[in-house]
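Undergrad: If you scroll down you'll find the structure; I have some questions about it.
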Amino acid sequence: MNAIVFTFFIFLVMMKISLQKVEIPPGGIHLALTAMLNGQSVRMVLDTGASRSVLDIDHFQELYPEANLKEELSDSAGVGASGLASYTSWVDSFFIEGFEVKDYELALMDLSHVKESYNQLGEETIYGVIGGDILERYEAIIDYSDLSLTLLD
């Protein structure tokens, strides 16, 4: 009897992304990273407590002026505020450093309070949040010892 051997190769992309530590007085920290949306750098905060990734709606409309927005039926809470009107829009892809996030429905809301908070700290403007949806989808590993985020695709 002849045995047939099948060999399967699974190619996974694993990328280690640098994070920047932002000191939040008194005694707190946030982890930030840079994403690329429509060819533009966008600074975002990594937030394991956020259920979805969110981008400031005004900034999104600057980056994608022709995009279709879909209004969400319920207001959003989180990112330091509640009762905010929220929208979504599909993007073909965007990049977190060199890691491509494909076919993604991005949540959008007014993040002016977040931008203002960072400006008051003298920090670079934050335009969004990378939340649990992306972290779960790409099996994220956050390493505080070397300030990195590893994503697996």
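Undergrad: For the subset of the stretch 1-46 comprising residues that are among the charged types (D, E, K, R) and modelled with pLDDT of 95 or more, which member is surrounded by the fewest Cβ atoms within 10 Å (Cβ to Cβ)?
TA: Going through the qualifying residues, I end up with K21.
Undergrad: Could you tell me which numbered condition E124 fails, if it satisfies all but one of (1) in a helix (DSSP H, G or I); (2) in contact with a helix residue (DSSP H, G or I) (Cβ under 8 Å, 6 or more places away or on another chain); (3) among the charged types (D, E, K, R)?
TA: If we test E124 against (1) in a helix (DSSP H, G or I); (2) in contact with a helix residue (DSSP H, G or I) (Cβ under 8 Å, 6 or more places away or on another chain); (3) among the charged types (D, E, K, R), just (1) comes out false.
Undergrad: Does any residue of the stretch 61-83 turn out to be aromatic (F, W, Y), at pLDDT 90 or above and open to solvent by less than 20 Å² (accessible area, probe 1.4 Å)?
TA: No, there is no match, as no residue in the stretch 61-83 is aromatic (F, W, Y), at pLDDT 90 or above and open to solvent by less than 20 Å² (accessible area, probe 1.4 Å).
Undergrad: Could you tell me how many of the residues in the stretch 37-57 are in a strand (DSSP E or B) and free of Cβ contacts under 8 Å to residues at least 60 places away in the same chain? So that I can check it myself, show each step before the final result.
TA: The first filter runs over the stretch 37-57 and keeps only residues in a strand (DSSP E or B), leaving 37, 40-46, 54-56.
Those still in the list that are free of Cβ contacts under 8 Å to residues at least 60 places away in the same chain too: 37, 40-41.
Summing the residues that are in a strand (DSSP E or B) and free of Cβ contacts under 8 Å to residues at least 60 places away in the same chain in the stretch 37-57 gives 3.
Undergrad: A follow-up question, please. What number of residues within the stretch 106-153 satisfy the criterion of being among the aliphatic types (A, V, I, L, M), open to solvent by 60 Å² or more (accessible area, probe 1.4 Å) and touching a residue at least 12 places away in the same chain (Cβ under 8 Å)?
TA: The number of residues fulfilling the criteria is 1.
Undergrad: I'd like the full set of residues that are in contact (Cβ under 8 Å) with a residue 24 or more places away in the chain and over 14 Å from the mean Cα position of the chain (by Cα), limited to the stretch 24-36.
TA: Those that are in contact (Cβ under 8 Å) with a residue 24 or more places away in the chain and over 14 Å from the mean Cα position of the chain (by Cα): I24, P25.
Undergrad: Of the numbered conditions (1) under 14 Å from the mean Cα position of the chain (by Cα); (2) modelled with pLDDT under 95, L55 fails exactly one; give the number of that condition.
TA: Here L55 clears every test but (2).
The values are calculated or read from the model by the stated rules, or taken from the named source; none is laboratory data. None of these values were measured; they are calculated from a predicted model. Cβ: placed from backbone, ideal geometry, glycine included. Neighbour counts: every protein chain shown. To get the accessible areas, we keep the full protein, side chains included, count just its heavy atoms, and leave off ligands, DNA and RNA. Shrake-Rupley method; radii C 1.70, N 1.55, O 1.52, S 1.80 Å.
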